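The values are calculated or read from the model by the stated rules, or taken from the named source; none is laboratory data. Bear in mind the structure is a predicted one, so any value in this text is a computation, not a measurement. So basically every Cβ, Gly included, is an ideal-geometry build from the backbone, and we count neighbours across all protein chains shown.
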Amino acid sequence: MRTAVVLLTRDLRLHDNPALAAACAADRAVPLYVLDPALAGLSPNRTRFLHQCLADLRGQLRAKGGDLVVRQGDPVAETIRVARETGAGTIHLAADVSGYARRRERRLREESERHRIALELHPGVTVVEPGAVRPGGGGESYRVFTPYFRSWSAAPWRGQAQTPQRVALPDGLTAGDLPGPPAGESPHACEGGETEARRRLTTWMRQDLPGYAEAHDDLPGDGTSRLSPYLRWGCLSPLALAEAARDRGADAFVRQLCWRDFYYQVTRVFPGISTDALRPGADNDWRYDDDALQHWKDGLTGVPVVDAGMRQLRDEGWMHNRARLITAAFLTKHLGIDWRLGVAWFFRWLLDGDVPNNSGNWQWTAGTGNDTRPYRRFNPIRQALRFDPDGVYVRRYVPELKGINGAAVHQPWRLPASEFRSLDYPGPLESHRDEAVWLR
């Protein structure tokens with residue numbers, strides 16, 4: 001009887017999972033997840049979300065006659081150990097692009113060859129595989145989004161993998177305990193798992209997808225999908241989501257999924273995206289001001305729309321995409337603080353925090369990355385008045401200002417001095433990069 005192991009990583013789902021489907025084509029399949037202690041402390045929020053995803057996946061696999069095998073330790077060593085224990089001839093793995101993932105893949109290939117076990121890589125983390133489309137003039141990746149979008153849109157998409165109807169685990173294999181979810185840090189973080197992901201997807205596509213193009217930048221309206229954590233962990237198939245949106249004519253949302261793929265193909269050839277500037281000759285004259293940085297982290301910059309975003313991040317483990325641009329631009333373009341410090345803070349809190357998109361978007365905003373206008377500025381007041389015109393978003397997350405009506409909430413320092421002093425809210429931090437005419 002043929003036995004195959006599938007090492008699950010960021011593909012925690014049954015639907016359209018090419019690696020899992022390939023493993024289940026054998027007589028016996030071992031869906032395996034290895035909890036790596038080296039990753040455990042990076043983000044309590046993501047660790048909690050991950051454990052919820054694993055518990056949900058285990059329940060679904062058991063319903064099909066199998067189980068999720070859980071081990072703790074080095075992913076490569078544990079995968080080889082399980083493969084040898086079960087007599088598996090093949091290990092299946094979804095290809096990924098981060099430095100950690102590429103090192104894991106390289107080591108797993110070396111060990112598989114040493115033990116004469118085949119290793120097969122599969123797509124599934126993106127819509128179009130990183131590297132599948134390349135610039136016509138040479139080069140391994142696109143550095144500008146628009147030409148990439150054209151090529152991506154014209155590229156053929158793979159067919160969706162079939163959902164396994166039955167999963168047969170080898171006899172005698174101990175599934176292993178799944179530790180209970182840790183506490184996390186954000187009290188209102190969403191729940192992980194494919195079941196919850198598909199429930200949210202069904203509701204959102206029915207209620208909000210038709211108006212996405214007009215509503216996705218509206219801060220108080222919250223018209224984004226909020227599906228990014230489920231894409232990050234593979235509870236949803238990017239391909240299945242893109243096909244469903246395309247079939248409904250939701251071009252604006254499909255474009256956002258292309259942005260996600262864009263940074264994956266960048267990271268594939270530039271693994272130092274979290275630490276090294278993408279753009280040659282990019283500005284490296286950064287300030288290091290611990291006090292200002294802490295005020296930004298705490299949502300106490302004195303600029304309400306910035307503080308609202310930073311507090312949403314802590315409260316939910318998620319932040320509206322427009323607020324991410326505003327808060328990142330404030331740190332780098334207004335305070336002049338190193339973008340890498342922002343990358344690290346977001347990476348700690350975000351449920352959807354991953355290397356390609358978190359780091360890629362920070363570099364775009366800081367002017368060190370794939371922006372054709374690297375010196376662009378984001379005026380936070382103009383942004384607030386455009387995307388939160390009545391101040392609803394700000395008052396939702398900055399309760400000190402809930403007594404200020406309308407758009408006046410965005411510039412509380414312009415209130416009469418006695419009224420401003422009564423607010424228990426700081427004045428805006430000093431600018432170190434731009435003229436900040438919006439402070440006047």
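From the list 283, 261, 251, pick out the single residue that is of a type in the set (Asp, Glu), modelled with pLDDT under 95 and not assigned by TED's automatic domain parsing to the domain that holds residue 414. Exactly one residue qualifies, and that residue is 283.
Summed over segment 229-256, the residues that are surrounded by fewer than 21 Cβ atoms within 10 Å (Cβ to Cβ) and under 23 Å from residue 383 (Cα atoms) give a count of 3. Within segment 25-43, the set of residues being in a strand (DSSP E or B), within 13 Å of residue 1 (Cβ to Cβ) and not β-branched (Val, Ile, Thr) comprises 28, 29. Just wondering, is there one or more residues in segment 18-27 that are surrounded by 19 or more Cβ atoms within 10 Å (Cβ to Cβ), farther than 13 Å from residue 167 by Cα and touching a helix residue (DSSP H, G or I) at 6+ places or on another chain (Cβ under 6 Å)? Scanning segment 18-27 turns up no residue that is surrounded by 19 or more Cβ atoms within 10 Å (Cβ to Cβ), farther than 13 Å from residue 167 by Cα and touching a helix residue (DSSP H, G or I) at 6+ places or on another chain (Cβ under 6 Å).
Of all residues in segment 218-227, those being of a type in the set (Asp, Glu) and buried (at least 19 other Cβ atoms within 10 Å of the Cβ) number 1. Residue count for segment 304-330 under the criterion of being over 21 Å from residue 191 (Cα atoms) and among the aromatic types (Phe, Trp, Tyr): the result is 1.
In segment 208-217, what count of residues is obtained for those that are within 26 Å of residue 311 (Cβ to Cβ) and surrounded by 16 or more Cβ atoms within 10 Å (Cβ to Cβ)? Looking only at that region, the number is 4. Being in contact with a Phe, Trp or Tyr (Cβ under 9 Å, 6 or more places away or on another chain), free of Cβ contacts under 8 Å to residues at least 24 places away in the same chain and not acidic (Asp, Glu), is that true of even one residue in segment 311-329? For segment 311-329, residues in contact with a Phe, Trp or Tyr (Cβ under 9 Å, 6 or more places away or on another chain), free of Cβ contacts under 8 Å to residues at least 24 places away in the same chain and not acidic (Asp, Glu): absent. Could you list, in sequence order, the residues of segment 13-24 that are more than 15 Å from residue 64 (Cβ to Cβ) and part of a loop (DSSP other than H, G, I, E, B)? Residue satisfying the conditions is 16 alone. Restricting to segment 44-58, count the residues that are closer than 18 Å to residue 354 by Cα, aliphatic (A, V, I, L, M) and touching an Asp or Glu at 6+ places or on another chain (Cβ under 9 Å). So the count comes out to 0.
The rows are residues; the columns are (1) in a helix (DSSP H, G or I); (2) surrounded by 15 or more Cβ atoms within 10 Å (Cβ to Cβ); (3) assigned by TED's automatic domain parsing to the domain that holds residue 231.
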position: 104; (1), (2), (3): yes, yes, no
position: 116; (1), (2), (3): no, no, no
position: 132; (1), (2), (3): no, yes, yes
position: 138; (1), (2), (3): no, no, yes
position: 151; (1), (2), (3): yes, yes, yes
position: 170; (1), (2), (3): no, yes, no
position: 188; (1), (2), (3): no, no, no
position: 199; (1), (2), (3): yes, no, yes
position: 206; (1), (2), (3): yes, no, yes
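On the basis of being under 24 Å from the mean Cα position of the chain (by Cα) and of a type in the set (A, V, I, L, M), does residue 161 make the cut? So residue 161 passes the test. Scanning segment 278-290 turns up no residue that is closer than 20 Å to residue 216 by Cα and either of a type in the set (Phe, Trp, Tyr) or surrounded by 24 or more Cβ atoms within 10 Å (Cβ to Cβ) (or both).
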